[in-house]
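Peer 1: Mind having a look at this structure? Questions to follow.
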Amino acid sequence: MVTHLSEREKETLQALKDRLREVRDLESALAVLGWDQMTYMPPGGAAARGRQMSTLGELAHAKSIDPALGKLLEDLRPVEERLPYDSDEASTIRVARREYERSIQVPPSFIARFYAHRAESYAAWEKARPENDFAAVRPYLEKTLDLSRELARFFPGYEHIADPLIDFSDYGMKASTVQAVFAELRERLVPIVQAITTQPPADGTCLHGSFSREGQSAFYGQVIRDFGYDLNRGRCDVSAHPFTTEFSVGDVRITVRYGENDLSEAMFSAMHEAGHAMYEQGVDPDYEGTPLAGGTSSGVHESQSRLWENVVGRSRGFWSATYPKLQAIFPGQLGDVPLDTFYRAINKVERSLIRTDADEVTYNLHVMLRFDLELALLEGTLAVRDLPEAWRARFEADLGVVPPDDRDGVMQDVHWYDGTIGGGFQGYTLGNILGAQFYDAALGAHPEIPSEIERGRFDLLHGWLRENIYRLGSKYTAPELIERVTGGPLQVEPYIRYLRAKYGELYAL
Ligand code: ZN
């Protein structure tokens with residue numbers, strides 16, 4: 001097998017990379033504008049910023065569907081076929097081709113309509129949610145559903161109309177595979193939820209009170225640096241909704257949100273976002289400017305945030321080393337609170353209304369009901385006008401609580417109002433499952449990881465993740481990566497084992 005490139009092929013590959021880099025540069029500039037919009041932009045900047053972002057977005061899209069790019073990909077087909085599958089060159093061509101072929105399916109006129117509608121829909125939701133006015137967003141949601149279906153139909157040959165939408169964020173997954181995973185998880189999870197929620201709830205009062213922002217940021221700032229988040233290549237700011245954004249491998253930023261009189265919100269959002277950010281910071285720097293830079297799927301991305309936030313950040317071992325440092329910052333509030341009380345408080349399980357506040361155990365029920373409702377909407381078996389009632393019924397059946405209003409019911413998440421209906425939620429639960437599965441694989445390689453964490457040391461875990469997951473960026477699809485890292489397909493078992501071990505110690509299971 002000839003694995004080297006001729007001079008001609010090298011030039012063609014370079015020409016491809018130059019074009020791809022231009023697209024990435026425009027997208028990164030767009031991301032900087034978006035980051036600024038969410039953090040420091042004064043309100044007066046809003047109108048012009050929207051226009052600037054759509055101008056850059058159109059430029060990036062036009063470049064990403066340029067027929068000249070398609071021609072280069074065509075010319076490089078023999079190279080892709082000849083070089084080993086996991087070579088950087090073949091992988092760059094393969095992933096670029098996948099993205100190109102996807103982009104050219106969707107007419108630019110649709111993109112323009114979709115983005116214009118999305119901006120209006122988001123604005124309507126922002127106003128209607130505090131007013132608890134579902135009727136005001138209903139027409140927008142109906143149009144979003146039409147547009148979501150229209151988008152899916154640009155990719156014929158699917159089994160379920162949600163498949164193309166799922167494929168955008170979790171490439172290689174489809175509705176039926178997600179449904180099968182969720183069905184198994186549900187069957188094994190519901191008895192655990194039942195067993196826990198019939199016992200007296202944990203006392204969470206120690207997390208509520210007055211905690212200075214300076215003290216909080218000093219604490220979580222140290223924690224995420226200890227985890228391995230590199231502040232020379234990142235920074236942490238405050239925004240209404242926490243997020244991670246990356247402009248290059250050398251600049252991956254996070255934001256946190258502070259809760260009112262609440263210690264846990266900023267701290268755990270920092271750990272969560274740092275998990276996303278360390279993935280991006282750990283990508284092989286040689287991939288910069290290529291489609292290989294960046295995490296491979298929403299499920300794998302979420303596995304990294306949840307691994308650090310929950311598996312590490314809510315573990316007894318972590319807090320046995322770290323709690324005295326938090327007590328030293330807040331002696332008046334936590335000085336007399338024993339570690340065990342604090343540990344139970346941060347792992348309190350309850351049937352609750354809001355997904356983003358839900359605990360590790362019930363969280364997945366929130367995701368599954370959204371996923372099922374999305375499928376029903378897309379299939380046409382559920383109408384948007386019946387969605388609030390369907391939401392309430394499903395909440396009562398699955399979580400045993402009924403939302404008192406639509407504000408904290410069907411309007412609580414931004415996803416359907418600022419994107420498509422379909423594809424936006426499954427990644428969260430896939431991430432919970434995968435986080436445990438990857439952690440299991442890490443323990444298989446280094447059984448001493450938990451005792452290292454108990455000593456406040458995270459290098460071994462971080463190093464293993466960097467070597468086996470981060471560094472690879474998008475070279476492998478999620479199913480390929482899971483197979484490579486764990487030796488098998490996605491499995492629910494490690495996650496259930498993790499939950500049973502952790503919560504079996506906290507509650508009688
Ligand atoms: Zn996340």
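Where a number appears in this text, it was derived from the coordinates with a stated rule and is not lab data. Note that the structure is a prediction, hence the values are computed from the model and not measured. Here the Cβ positions follow ideal geometry from the backbone for every residue, glycine too, while neighbour counts run over all protein chains shown.
Peer 1: Provide Rg over Rh for the chain; use the alpha carbon set for both Rg and the Kirkwood Rh (inverse mean inverse pair distance).
Peer 2: My calculation puts Rg/Rh at 0.96.
Peer 1: What do you get for the angle between helix 46-64 and the principal long axis of the chain? Use alpha-carbon atoms, 0 to 90 degrees, nearest ten.
Peer 2: It is inclined by approximately 50 degrees.
Peer 1: A follow-up question, please. Stretched out fully, how many nm does the piece from residue 451 to residue 54 gain, at 0.36 nm a residue minus the Cα gap?
Peer 2: In short, 137.9 nm is gained.
Peer 1: While we're here: Measuring from centroid to centroid over Cα atoms, what is the spacing of segment 349-366 and segment 440-469 in Å?
Peer 2: Rounded to whole Å, the Cα centres lie 28 Å apart.
Peer 1: Ranked by Cβ crowding within 10 angstrom, fewest neighbours first, how are 9, 302 ordered?
Peer 2: Ranked by crowding around the Cβ, least crowded first: 9, 302.
Peer 1: For the chain, take the longest principal axis of its alpha carbons; what is the angle in degrees between that and the long axis of helix 134-153, to the nearest 10 within 0 to 90?
Peer 2: 40
Peer 1: Once amide H atoms are placed 1.01 Å from N in the peptide plane, what residues at a sequence separation of 5 or more from residue 238, or on another chain, have their amide H within under 5 Å of its amide H?
Peer 2: The list, which skips near neighbours in sequence, is 256.
Peer 1: Which whole-angstrom value gives the distance between the alpha carbon centres of segment 386-417 and segment 280-306?
Peer 2: 33
Peer 1: At 7 Å along the Cα-to-beta-carbon direction for both residue 286 and residue 117, put a label point, then send me their distance in nm to one decimal.
Peer 2: Label-label distance for residue 286 and residue 117, simple model: 4.4 nm.
Peer 1: If the only charges are +1 at each Lys and Arg Cβ and -1 at each Asp and Glu Cβ, what is the size of the charge dipole of the chain around the Cα centre, to the nearest 20 debye?
Peer 2: It comes to approximately 160 debye.
Peer 1: Put +1 on the Cβ of every Lys and Arg and -1 on every Asp and Glu Cβ in the chain; which of 169, 330, 441 then has its Cα farthest towards the positive end of the dipole?
Peer 2: 330
Peer 1: Mean residue ellipticity at 222 nm from the helices of the chain, using -39,500 (n - 2.57) per DSSP H segment of n ≥ 4 over the full residue count, to the nearest 500 deg cm²/dmol?
Peer 2: -19500 deg cm²/dmol
Peer 1: May I ask for the net charge around residue 94, where only other residues with Cβ less than 12 Å from the Cβ of residue 94 are counted and Lys, Arg are +1 while Asp, Glu are -1?
Peer 2: -4
Peer 1: I've got another one for you. Ranked highest first by average number of other Cβ atoms within 10 Å, how do 347-353, 417-423, 239-245 line up?
Peer 2: 417-423, 347-353, 239-245
Peer 1: Right, here's the next one. For segment 7-128, what is the charge dipole size about the Cα centre, in debye to the nearest 20, if Lys and Arg each add +1 at the Cβ and Asp and Glu each add -1 at the Cβ?
Peer 2: 440
Peer 1: Can you run phi through the Karplus equation (6.51, -1.76, 1.60; θ = phi - 60°) for segment 125-131 and list ³J(HN,Hα) in whole Hz, with x for Gly and Pro?
Peer 2: Whole-Hz 3J(HN,Hα) from phi for segment 125-131: 5, 4, 7, 6, 4, x, 8.
Peer 1: For helix 363-379, report the angle its Cα long axis makes with the longest principal axis of the Cα atoms of the chain; keep it between 0 and 90° and round to the nearest 10°.
Peer 2: That works out to roughly 40 degrees.
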